[in-house]
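See below for the structure under consideration.
The values are calculated or read from the model by the stated rules, or taken from the named source; none is laboratory data. Quick caveat: nothing in here was measured; it's all calculated off a predicted structure. Cβ atoms come from the backbone with ideal geometry, glycine included; neighbour counts cover every protein chain shown.
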Amino acid sequence: MHSTCPYCCGRGTAEVLRTGQDTYVRMAVYWTAAVGGVVGLAASGPSKGCRIGPAAPAITLRDVTAVMEASPTAAAAWETELWSR
């Protein structure tokens with residue numbers, strides 16, 4: 001799983017970089033200070049207190065300014081349901 005924009009995490013591949021299209025994308029609406037910012041979302045993933053929306057089946061991105069690869073730990077964290085109610 002790769003972060004495809006500062007606030008989203010999808011299952012990005014080299015094809016995503018070429019087309020801007022990704023699948024199974026979730027968005028971080030809010031993250032706690034403990035996460036350490038946008039790079040922290042890619043390094044360790046969201047944690048308790050973060051608000052991560054449900055996955056959209058597909059997204060097309062335009063004018064992407066950064067792509068970060070998520071660590072295996074971060075990828076697993078992105079898979080959990082983290083919307084605190």
Requested in this report: Give the residues of segment 32-85 that are under 22 Å from E15 (Cβ atoms), part of a loop (DSSP other than H, G, I, E, B) and out of contact with any Lys or Arg (no Cβ under 9 Å at 6 or more places or on another chain), sorted by residue number.
Outcome: L61, R62, D63, V64, T65, A66, V67, A70, S71
Query raised in the report: When only residues in segment 32-73 that are farther than 13 Å from V16 by Cβ and among the charged types (D, E, K, R) count, which is modelled with the lowest pLDDT?
Result: D63
Report task. Identify the residue in segment 74-85 that is out of contact with any helix residue (DSSP H, G or I) (no Cβ under 6 Å at 6 or more places or on another chain) and farther than 15 Å from T23 by Cβ and, among all such residues, is surrounded by the fewest Cβ atoms within 10 Å (Cβ to Cβ). Result -> R85
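Every residue, every condition in (1) touching an Asp or Glu at 6+ places or on another chain (Cβ under 9 Å); (2) of a type outside the set (K, R), yes or no:
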{"position": "Y30", "(1), (2)": "no, yes"}
{"position": "A34", "(1), (2)": "no, yes"}
{"position": "V39", "(1), (2)": "no, yes"}
{"position": "A42", "(1), (2)": "yes, yes"}
{"position": "R51", "(1), (2)": "no, no"}
{"position": "I59", "(1), (2)": "yes, yes"}
{"position": "M68", "(1), (2)": "no, yes"}
